[in-house]
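For reference, the structure is listed below as structure tokens.
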Amino acid sequence: MKPAVASVALVLAFSGLALSAQEKPAGDGIIIELPKFVVTDSRELPQPESWRYGTMPGFEVLSNASAKGTQRLLRDFDMFRQALSLIWPMPQRISQPTALIICGKGAKFDKFIPTGKVSADTAFASLFLKKATQTAIVIDLESTTLNVLDLGNTDAGTDNTTISVEHDKQLYREYVRYLLSGNEPRLPAWFEEGLSQIIMRMQVDKRYIEFAKLEDPNTISAAAGLIAQMNEANAAAGGGADGDAATLAGAPAEDRDFPAALRRRALLPLQKFFDVTHDSPEATNTLGNNRWGKQAYAFVHLCLYGYKGKYQKQFMTFLQRSAREPVTEAMFKECFRFPNKNGTFKEMSYKDMLMEIRSYCDFTVYEAKIFKATGKEDLVIPPKPLELRDATQSEIGRIKGETLVLAGHDKLARAELIAPYQRGEREADLLAALGLYDRTHEEPERARKFLEAAFNAKTKRPDAGLELARLRYADANAKPAGSGGALSAAQTTAILEPLLAVRRSPPHMPALYDLVADTWMRSEAKPKRDDVMVLIDGAQLFPTRMKLIYVAANFAADVNELQAAHALADHGIKYTTDPAGKKRFEDLKATLPPAPPPEPSAMPPSDAKAAPVTKKK
């Protein structure tokens, strides 16, 4: 087994069920009486809204934009995802559906901007929101331009206080951030932004894909060029001098590539640049005064595509280290060092790299990547229009409510979640969302009722199953019914029931397997072979969870899965950093009988991320 690491090497790959007031019985046969909410303020129950709902792989779509505008945006998004999968063969990360909210009218977008992120220097056209396993992308399809502070752009015919919004690119940017956010440990904010800026500008056609190409920094938009010509003609005719004709206002600025965006603008000192975190204003708002974002674009593009890959090797080392330790100039120099002819090494300082980035902005030397279809088959297949239907009030309240939670607007979120429930909606995932909200806000009794009802209504949400199991585990631990203070077989079954029901549903959560292990350790019952295989699967999926691996190794030995027991013990000995923990694995290894030779016909686990563990047929 190898511990999980950030998949930075991949970067180079492209260098229903309704319930009544008295609910159905829970797993232990108890009738669940769901909570009743009393409305004391008319504002607590929002007026019903009209939204459209659809699904696409990995996403639940909620849109109040026109059907035509929504389908066009999602058609282009589907083609973008196809193209990205060809040039960036990233393994599919299983995750529960992400909410994709498209705001097309009624100024709905502003409500989702996170708490504390609005200021005079911010301009948002899209959002990526994440907490634990929940994620959401919100697109402002209503706004075509945004007011910003002076961009520092001196192009003729351009208004530096407004910027045009390219909705497709903003969706692509947030999607890339979503993909990268799944790395453990999470990659630095500057890398996520730089790579997002590169990928969002990818040109996609049925027959070709053009990647990492930069625009000519001397070009301006057609509208800006026309306005500039008209103002020049007006000035030449004397209209501007004596006031007979007003000067036309400039066209909105465009989101430019870094050679144009950083022209005549000072670069940020590198330590300040690297210190920006994922939650910093610079990282959450890259429209407008986006110097940090464009510098991230320039730095990542330089190191991946500039000068025939001159910096690629050093950059990958730096990226790996910066994901797990603080960035300092000393660490930077250790990574960016180059051999001299006399056997010594030359190290790049922050000053050296800033000069290199500035030079690259002024005179880019790089190689773009172009992928072309060679036969009759197209590279990218335009999809059929996404089927949209009227969203139920349950879907609207759940998706909006949970997205507002991600944005930190808990009071608004509660109102959105409760409204469909008060109107009589009892859809399984709505009940799960209400239970998770109450669990987070320290209402365990009410949360338990909602989660039990959601589980009986067959919700597939893993987070709901996990939280229900945690509540059952806490109850069982408080009053263990087994001999000697252990959990009884019935208590064990009740705890494991929701965990096993959602285990195969995305996402795979380490906490789920941790709780399975803790439950068996506290139980008077002994796990059977199939139960142990669940623990082994968890150890393979999360090879850095040393406690889980130790428990799985012990139980594997108990059911005579000696190949697995030895492999898990060896992994613990090799990768445990704690001396006491390492000795535990060594002592376990010493007690194991010799492992039989692997069976020739045995197949390794299909989803293993570690050394093969042979499973008996």
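Only one of these conditions is not met by GLN203: (1) at pLDDT below 85; (2) touching a strand residue (DSSP E or B) at 6+ places or on another chain (Cβ under 6 Å). Which number is it?
With respect to (1) at pLDDT below 85; (2) touching a strand residue (DSSP E or B) at 6+ places or on another chain (Cβ under 6 Å), GLN203 is out only on (1).
Take the conditions modelled with pLDDT under 80, in contact with a Lys or Arg (Cβ under 8 Å, 6 or more places away or on another chain) and under 30 Å from ASP429 (Cβ atoms) and apply them to GLY182. Does it pass?
It is true that GLY182 is modelled with pLDDT under 80, in contact with a Lys or Arg (Cβ under 8 Å, 6 or more places away or on another chain) and under 30 Å from ASP429 (Cβ atoms).
Out of curiosity, is GLU356 modelled with pLDDT under 95 and acidic (Asp, Glu)?
No; evaluated as a whole, the condition is false for this residue.
So which of GLY27, GLY106 is surrounded by fewer than 15 Cβ atoms within 10 Å (Cβ to Cβ), more than 21 Å from the chain's Cα centre (by Cα) and either modelled with pLDDT of 60 or more or assigned to a loop (DSSP other than H, G, I, E, B) (or both)?
GLY106
Being modelled with pLDDT of 90 or more, surrounded by fewer than 20 Cβ atoms within 10 Å (Cβ to Cβ) and closer than 30 Å to LYS68 by Cα narrows it down to one of THR277, THR392, THR364, THR328, so name that one.
Answer to the selection: THR392.
Would it be correct to say that PHE128 is on the phi < 0 side of the Ramachandran plot, among the aromatic types (Phe, Trp, Tyr), at pLDDT 90 or above and not in a helix (DSSP H, G or I)?
So PHE128 passes the test.
Please return the ranges of helices (runs of 4 or more DSSP H) entirely within the stretch 279-394 where 1 or more residues are among the aromatic types (Phe, Trp, Tyr) and touching a Phe, Trp or Tyr at 6+ places or on another chain (Cβ under 7 Å).
291-305, 312-322, 329-335, 350-362
With the condition kept exactly as written, say whether any residue in the stretch 457-477 is modelled with pLDDT under 95 and within 12 Å of LEU34 (Cβ to Cβ).
Yes; the residues of the stretch 457-477 include at least one that is modelled with pLDDT under 95 and within 12 Å of LEU34 (Cβ to Cβ).
Condition (residue is modelled with pLDDT of 90 or more and either surrounded by 19 or more Cβ atoms within 10 Å (Cβ to Cβ) or in contact with a His (Cβ under 6 Å, 6 or more places away or on another chain) (or both)) applied to the stretch 242-259: is it met by at least one residue?
Within the stretch 242-259 (the criterion being modelled with pLDDT of 90 or more and either surrounded by 19 or more Cβ atoms within 10 Å (Cβ to Cβ) or in contact with a His (Cβ under 6 Å, 6 or more places away or on another chain) (or both)), the answer is yes, since at least one residue qualifies.
Of the conditions (1) of a type in the set (A, V, I, L, M, F, W, C); (2) part of a helix (DSSP H, G or I); (3) over 28 Å from the mean Cα position of the chain (by Cα), LEU431 fails just one. Which one is it?
Only one criterion is unmet by LEU431, namely (3).
Could you run through the stretch 387-435 and say how many residues are among the acidic types (Asp, Glu) and over 17 Å from ALA447 (Cβ atoms)?
6
Taking ARG522 as meeting all but one of (1) buried (at least 17 other Cβ atoms within 10 Å of the Cβ); (2) touching a helix residue (DSSP H, G or I) at 6+ places or on another chain (Cβ under 6 Å), write down the number of the exception.
Of the numbered conditions (1) buried (at least 17 other Cβ atoms within 10 Å of the Cβ); (2) touching a helix residue (DSSP H, G or I) at 6+ places or on another chain (Cβ under 6 Å), the odd one out for ARG522 is (2).
Run down ARG52, ARG81 and say which single residue is surrounded by 13 or more Cβ atoms within 10 Å (Cβ to Cβ), at pLDDT 90 or above and within 17 Å of TYR175 (Cα to Cα).
ARG81
The values are calculated or read from the model by the stated rules, or taken from the named source; none is laboratory data. Owing to the predicted nature of the structure, the values given are computational and were not obtained by experimental measurement. So basically every Cβ, Gly included, is an ideal-geometry build from the backbone, and we count neighbours across all protein chains shown.
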